[in-house]
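First, the structure itself, so that you have it in front of you.
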Amino acid sequence: MDKILENPYVAGIRSHVEQLGPIPQPVLGAFAGVGALWLAYKLFSYLQLVLSAFVFSGHSLRKYGRVGSWAVVTGASDGLGKEYASQLAAKGFNLVLVSRTKSKLESLAKELQEKYHGKDLKIKIHAMDFAKDDDADYEKLAEVVRGLDVAILINNVGQSHSMPVSFLETPKDELQNIVTINCLGTLKVTQIVAPILKQRKHGLILTMGSFGGWTPTPYLATYSGSKAFLQQWSNALSSELADDHVDVYLVLSHLVTTAMSKVRRPSLLIPNARNFVKAALGKVGLGGYQTAPNTYTPWWSHSFMLWLIENIPGVNSPVTIWYNKKMHLDIRRRALRKQAREAKKQ
C-alpha cells in the first residue's frame, strides 16, 4: 500500500540511491571533515565579531601621529564630520576643517579652541562646495595643507537623496551632486593629502562607507552605487599604500542620528553621532570577521546586523535586496504623506 501511495518523484530518488549503493566510509569522512571546517570557520568568525564589538580596541591613533600633528576632516561643519573634528581635537590633533559653509566652519573652530584652549589647538579652515568640482578649490586646499605634518584624513563629505526615489525619477541635479561629492570629492581630496602620509611613512585614511553601498539598495540606487564605488576604491588604495605604512579603511555605517539620515532619536540600532565616532576612532582595523577586506563596522549593533546578513541570506541575495526595496518604499510613502500634510498647512 505504501509503495502505491508513494510520490513518483520520491520513488525515483529512492531508486537512484539504491543503485548507488552504500557510500564509502572515506567519502563520508571527507564530507564530515568539510562540514566541520565550515562550522569551525563560522564559529571563529562569530568569536571575532563578539571580541571586536565588546573586548578588543583598535589601533591607537598615536600610531599615526604625535600630539600636535594634523588631521584633515571633510564635511566637517555638521553631523559626523563635526564629531570627528571634536574628538580628534580632544586627542591632541590639530585640524584642517573642510566644508561648504564658511560661517559654520568659523563657528566650529571658535567652539573647539575655547573647549580645548589648554591643548594649544591649531585649526585651519577651508570653505568649498564639493558639488561645484572647482579645480581652484582643490588647489587652495593643497596650499592649506602644504608643509603640515598631516597624520590622518577623514573622508566624511557626502550626500544622499532627499528621500528614497526610483532611479528613473531621480532629479538630474541630485544625481550629479551625489556622484560629484561622494566620489570625485573624496578622490581629489585623497590625492592631495595621501602623498603627505606616504612621504612620512605612516598615516591613516578613513572613508565613510554605508550599508547602502555594502548591499544593493533600491530607491537609493545612485547613492548606493556611489558608496559601493568608494568601497572598491578604498580596498584597492589600501593595498597600494600598505608598503608605505599608510592604513586605509572604509568605515561601514547603518543609520546614525544626523541630518543626512533625518533620524532624530537614537535607539538600539541607531546611535548618535558622538557614540558612533567614538567607536569609529576606537575600533580602527577591527574588521576581520567581515567579507570585505580593509573595512570595519564600529558600532556594535551594526556589526551584528552585518554578520547575520553576510552569513545567512547574503549581502547580494534576492531576499536582502527585496527587504531593502520594501523598507525604502515604505520610507518614501511616509515622506510623501508628510510633504502632503505640510503643503496643506501652507
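The values are calculated or read from the model by the stated rules, or taken from the named source; none is laboratory data. Nothing here was measured: the structure is a model prediction, and the numbers come from that model. Neighbour counts run over all protein chains shown; Cβ positions are idealised from the backbone, glycine included. Just the protein is used for accessible areas: all its heavy atoms, side chains included, with ligands, DNA and RNA removed. Shrake-Rupley method; radii C 1.70, N 1.55, O 1.52, S 1.80 Å.
Would you confirm, using the coordinates I've provided, whether Ser226 is touching a strand residue (DSSP E or B) at 6+ places or on another chain (Cβ under 8 Å), among the polar types (S, T, N, Q) and either farther than 24 Å from Asn316 by Cβ or assigned to a helix (DSSP H, G or I) (or both)?
For Ser226, the condition - touching a strand residue (DSSP E or B) at 6+ places or on another chain (Cβ under 8 Å), among the polar types (S, T, N, Q) and either farther than 24 Å from Asn316 by Cβ or assigned to a helix (DSSP H, G or I) (or both) - is not met.
Tell me, yes or no, whether the range 175-195 has at least one residue that is over 22 Å from the mean Cα position of the chain (by Cα), within 23 Å of Trp70 (Cβ to Cβ) and not aliphatic (A, V, I, L, M).
Yes, the range 175-195 has at least one match.
Just for the range 38-63: of the residues that are closer than 16 Å to Leu308 by Cβ and aliphatic (A, V, I, L, M), which one is surrounded by the most Cβ atoms within 10 Å (Cβ to Cβ)?
The extreme case among them is Leu49.
Residues in the range 244-278 that are more than 13 Å from the chain's Cα centre (by Cα), open to solvent by less than 50 Å² (accessible area, probe 1.4 Å) and not polar (S, T, N, Q): how many?
Qualifying residue count for the region: 7.
Within the range 70-186, considering only helices (runs of 4 or more DSSP H) that don't extend past its boundaries, which have at least 1 residues that are basic (Lys, Arg) and buried (at least 16 other Cβ atoms within 10 Å of the Cβ)?
79-90, 102-115
Does Ala194 satisfy the condition of being among the small types (Gly, Ala, Ser) and touching a Phe, Trp or Tyr at 6+ places or on another chain (Cβ under 8 Å)?
Judged against the criteria, Ala194 is not a match.
Continuing with this model, one more query. Could you figure out which of (1) touching a strand residue (DSSP E or B) at 6+ places or on another chain (Cβ under 9 Å); (2) closer than 25 Å to Val193 by Cα; (3) open to solvent by 10 Å² or more (accessible area, probe 1.4 Å) isn't true of Trp214?
Result: Trp214 passes all but (2).
Filtering the range 192-209 down to residues that are of a type outside the set (A, V, I, L, M) and either touching a helix residue (DSSP H, G or I) at 6+ places or on another chain (Cβ under 6 Å) or not in a helix (DSSP H, G or I) (or both), which residue is surrounded by the fewest Cβ atoms within 10 Å (Cβ to Cβ)?
Result: Lys201.
Ser317: open to solvent by less than 20 Å² (accessible area, probe 1.4 Å) and free of Cβ contacts under 8 Å to residues at least 12 places away in the same chain, yes or no?
Yes, satisfied.
Something else now. Kindly indicate the residue of the range 72-118 that is basic (Lys, Arg) and touching a residue at least 40 places away in the same chain (Cβ under 8 Å) and also farthest from Asp134 (Cα to Cα) among those meeting that condition.
Going through the qualifying residues, I end up with Lys91.
Related question: As an exercise: evaluate Glu143 against (1) of a type outside the set (A, V, I, L, M); (2) within 17 Å of Tyr84 (Cβ to Cβ); (3) without any contact (Cβ under 8 Å) to a residue 40 or more places away in the chain and give the number of the one condition it does not meet.
(2)
Give the residue, chosen from Ala136, Ala151, Ala142, that is touching a Gly at 6+ places or on another chain (Cβ under 8 Å) and at negative phi.
Ala151
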